[in-house]
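Shown next, in C-alpha cells, is the structure this report addresses.
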Amino acid sequence: MTRIFSGVQPTGHLTLGNYLGAMRRWVAEDQYRADALFCVVDLHALTVDHDPARVRRLTRQAATLLLAAGLDPERCTVFVQSQVDEHARLSYLMECTATDGEMRRMIQYKEKAARERERGGSVRLSLLTYPALMAADILAYGTDEVPVGEDQAQHVELTRALAVRFNQRYGQTFVVPRATLPAVAARVMDLQEPTVKMGKSRARTAGIIYLLDEPEAVRKKVMRAVTDAGSDVVYDREERPGIANLLDVLAACTGRDPRGLAEEYDSYGALKKDTAEAVVEVLRPVRERHAGLAADPSYVDGVLRAGAERARGMARPRVDAAYRAVGL
Ligand code: ADP
C-alpha cells in the first residue's frame, strides 16, 4: 500500500494556504487511498525565535484542526513529531549525508534567514539544517508520496537526493519519495501582497485568512484584497497576481478551473464577493468541528498518544537499520 507522510508547522495559526495547498487533499483523498501519516512538526517550530507556551498551544490547535478538517484517526495516523524520538535520531544521519552547500541553496532558508537578519536577530543553525529534519520525517516511514504545496517541493527534491545518496553509499535503506502538488492553489498568495505566499508566520496579518477566522473577518479580508490595475478579469499569474490569486482560491473552493471562472466575471467586486462566500462555506464546517473538539481535550490527547505510538512502531526498525548501515 502506498505510504504517505506530510506535516504542518505550529509556527502560527493555520491558514487558507495550508488548507487549500495541503490539508484538503489529505482529508478528501490521501487518507482513503493510502496508509497515511500526518504530523504536527513542532521541532521545526524551534528553528526561529519562539515562545514556548505559544508553540505548545499552537501544536495542540494544529492537531485539533487536522481532526476538525476531517482527518479520521481510524483511517490515518495523526501525531506530534516531538513525541516520536526517531525523527531527531534520523535527522542527525541526514545531516551526515547532506552538504552545507545543499542546505544553503534552499530558498526557504535564504528567505527566512534574511527576514531574521532584517529584524536584527541571529539565524539559528537549525534553520539551515531544517531540510535534514524534514528528510528524516519523510524517510523514517518509507514514504512514497509527500502531498505538499509548491513551497515545499524543493525540500522534497533534496530529500530524494539524500535518500538516493544514502542508499548508494550504505546499502538500500530508504524508499525514494516524491512530492505531489495540488492541481489548483499550489501556492496561495497573501491577499495584501499577492507576490508573496500566504504564510502563517508573517508579521502583517491583513492579507492572511486563518482557518478559524469568523465569517465577517473572512469577508472583510477578501473584499480588501489588493487587486491589479485594470478592471477586466483575466487569469494571468505574472501580470495580474492579485486577481489570479482570487481566481485560484475560488476555483479551489468550488472545484472549478480558474481560467473558466475568469470568463464568467466582468468586475472585481463580483469576483471578490463570490470568493469570500466560497471561502466562508469551505471553512464553516472546519470551524464548527474545531469548537466541538477543543471542548474535549482528552479525546484529542488520546488520538495523539495512539498516533505517536503507531508512528514510533513504524519508524523504529528503519531508523535502527540506518544506524547499523552507517556503522553504529
Ligand atoms: P507555513 O508556510 O504556513 O508555515 P508549513 O511549512 O507549515 O506552512 O506547511 C504546511 C503545508 O502547507 C505544506 O505542505 C505547505 O506546502 C503548504 N502551504 C503553506 N503555505 C501555503 C500556501 N500559501 N499555498 C499553498 N500551500 C501552502
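Every read-out reported here was derived from the displayed coordinates using simple, explicitly stated rules and does not represent laboratory data. Note that the structure is a prediction, hence the values are computed from the model and not measured. When we count neighbours, we look across all protein chains shown, and the Cβ atoms used for this are built from the backbone with ideal geometry, even at glycine.
By the count of neighbouring beta-carbon atoms within 10 Å, fewest first, T195, T143, T173 end up ordered T195, T173, T143. The mean sequence distance of close C-alpha pairs (under 8 Å, at least 6 residues apart), as a share of the length of the chain, puts its relative contact order at 23 percent. As a length-normalised measure over Cα pairs under 8 Å and 6 or more apart, the relative contact order of the range 215-291 settles at 36 percent. Each of V218, V40 was scored by other Cβ atoms within 10 Å of its Cβ. Listed from fewest to most, they are V218, V40.
From the square roots a ≥ b ≥ c of the eigenvalues of the alpha-carbon gyration tensor of the chain, which class results: rounded (a/c under 1.5), prolate (a/b over b/c), or oblate? Prolate shape, in that a/c is at least 1.5 and a/b is the bigger ratio. Per-residue 3J(HN,Hα) values for the range 105-115, derived from phi via the Karplus relation 6.51 cos²θ - 1.76 cosθ + 1.60 with θ = phi - 60°, read 7, 5, 4, 4, 4, 4, 5, 5, 5, 5, 5 Hz in sequence order (x marks Gly and Pro).
Each residue in K197, K110 was given a count of other beta-carbon atoms within 10 angstrom of its own, and listing them fewest first yields K110, K197. Think of each Lys and Arg Cβ as +1 and each Asp and Glu Cβ as -1; about the Cα centre, that makes the dipole of the chain roughly 900 debye. Take 198-211, 11-24 and order them by the average number of nearby Cβ atoms within 10 Å per residue, most first; the result is 11-24, 198-211.
Checking the Cα-Cα distances for K112/K272; K200/K272; K110/K272 against a 29 Å cut-off, the pairs over it are K112/K272; K110/K272. Phi angles across the range 32-41 convert, under the Karplus curve 6.51 cos²θ - 1.76 cosθ + 1.60 with θ = phi - 60°, into 3J(HN,Hα) values of 8, 9, 8, 8, 10, 10, 10, 10, 8, 8 Hz, Gly and Pro given as x. The string of couplings for the range 117-126 from the Karplus curve (6.51, -1.76, 1.60, θ = phi - 60°) is 5, 4, 6, x, x, 9, 9, 6, 4, 5 Hz, one whole number per residue in order, with x for Gly and Pro. The antiparallel fraction among DSSP beta bridges confined to the chain stands at about 10%.
Per residue and in cubic angstrom, what volume does the convex hull of the Cα atoms of the range 188-263 have?
Working: hull volume 7.0 nm³, N = 76.
Considering the Cα atoms of the range 188-263, their hull volume per residue is 92 Å³.
Distant-in-sequence amide contacts of T97, defined by a placed amide H-H separation under 5 Å and a gap of 5 or more residues or a different chain, comprise nothing.
Note on the chain: with a GNM built from Cα contacts shorter than 10 Å, the maximum mean-square fluctuation among A295, A135, A63 falls on A295.
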